[in-house]
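**Q** One structure, as structure tokens, below. Some questions next.
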Amino acid sequence: MKSKLLPLAFILTFALGFAFNSFTNIIVKKTNEIKKVNGIGGIFFKCKDPKKMREWYKNNLGLNTNDYGAVFEWRQGSDTLKKGFSQWSPFSEKTKYFEPSTKDFMINYRVENLEKLLKELEKAYVVITDKVESGTYGKFVHIMDIEGNKIELWEPNDIEFEKLGKQMGTSTTK
């Protein structure tokens, strides 16, 4: 009986060790992965008359607009006690802010760790058009996609973003 148990114990130990090693490799891999984009931070587009465009959206679609567009307030899925914000902004058709893109729109994506993401993007030879700009309500940088669309990446500080909106006397669209 002992002679039959010894090989069985050896096989079982090997199998459990292999399973444990696979499991720990999955955990280590997941903790080393960074979240890249975790939401839409804003939608920006060119138009002939941004002021009239903001008024039209306010009057017809109920957006709470301000001098920059509108801010949408929502709750974060990972923690519903935390607020998140997305910006909607019409820009003058003559703006140079979207350059070097020739497109009439730009999307702002929310990211969790901008510096770490930029290192990964550099390794992938993604065109980074400027340096990281830091402000009280977050960090920003711009990149280009493969079709020449300028993309804004934002690592937000939602608490400070909300404070800034209150200081400006603006309200969000919920």
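**Q** Along each of the three principal axes of the Cα atoms of region 90-153, give the extent in whole Å, ordering the values from largest to smallest.
**A** For region 90-153, the Cα spread along each principal axis is 33, 30, 17 Å.
**Q** Then there's this: Counting Lys and Arg as +1 and Asp and Glu as -1, what is the net charge of the other residues whose Cβ lies under 14 Å from the Cβ of Val37?
**A** Working: positive: Lys35, Lys36, Arg110, Lys116; negative: Glu33, Glu112, Glu120, Asp145, Glu152, Glu155.
Computed value for this residue: -2.
**Q** Taking only the alpha-carbon positions of region 68-120 and ignoring solvent, what does the Debye formula give for the base-10 log of I(q)/I(0) at q = 0.13, 0.15 Å⁻¹?
**A** These q points yield log10 I(q)/I(0) values of -0.51, -0.65.
**Q** Largest first, how would Met168, Met53, Met106, Met144 line up by accessible area (1.4 Å probe)? Walk me through the numbers on the way to the answer.
**A** On the way: Met168 95, Met53 55, Met106 0, Met144 30 Å².
Heavy-atom accessible area, descending, gives Met168, Met53, Met144, Met106.
**Q** By the gyration tensor of its Cα atoms, with a ≥ b ≥ c the square roots of the eigenvalues, what is the shape of region 51-139: rounded for a/c under 1.5, prolate for a/b over b/c, or oblate?
**A** Working: a/c = 2.63, a/b = 1.27, b/c = 2.07.
Oblate is the answer for region 51-139, as a/c is 1.5 or above yet b/c matches or exceeds a/b.
**Q** Straight-line reach from Lys35: which lysines fall under 28 Å, measuring Cα to Cα and dropping same-chain residues less than 8 apart?
**A** Answer for Lys35, where 28 Å is the Cα cut-off: Lys82, Lys83, Lys103, Lys116, Lys119, Lys123, Lys131, Lys139, Lys150, Lys163, Lys174, listed by chain and number.
**Q** Just the accessible area for Lys83, please: 1.4 Å probe, Å², rounded to the nearest 10?
**A** Here the residue's solvent-accessible area equals roughly 60 Å².
**Q** Just to check I understand the Karplus step: with θ = phi - 60° and J = 6.51 cos²θ - 1.76 cosθ + 1.60, what whole-Hz values come out for region 90-105, glycine and proline as x?
**A** Here the 3J(HN,Hα) series is x, 10, 4, 5, 9, 4, 9, 4, 7, 5, x, 5, 9, 7, 8, 8 Hz.
The values are calculated or read from the model by the stated rules, or taken from the named source; none is laboratory data. This structure is a prediction, so every number in the text was calculated from the model and none was measured. Backbone-built Cβ (ideal geometry, glycine too); neighbour counts: all protein chains shown. Each accessible area value is taken on the protein alone, full model and side chains, heavy atoms only, with ligands, DNA and RNA left out. Shrake-Rupley method; radii C 1.70, N 1.55, O 1.52, S 1.80 Å.
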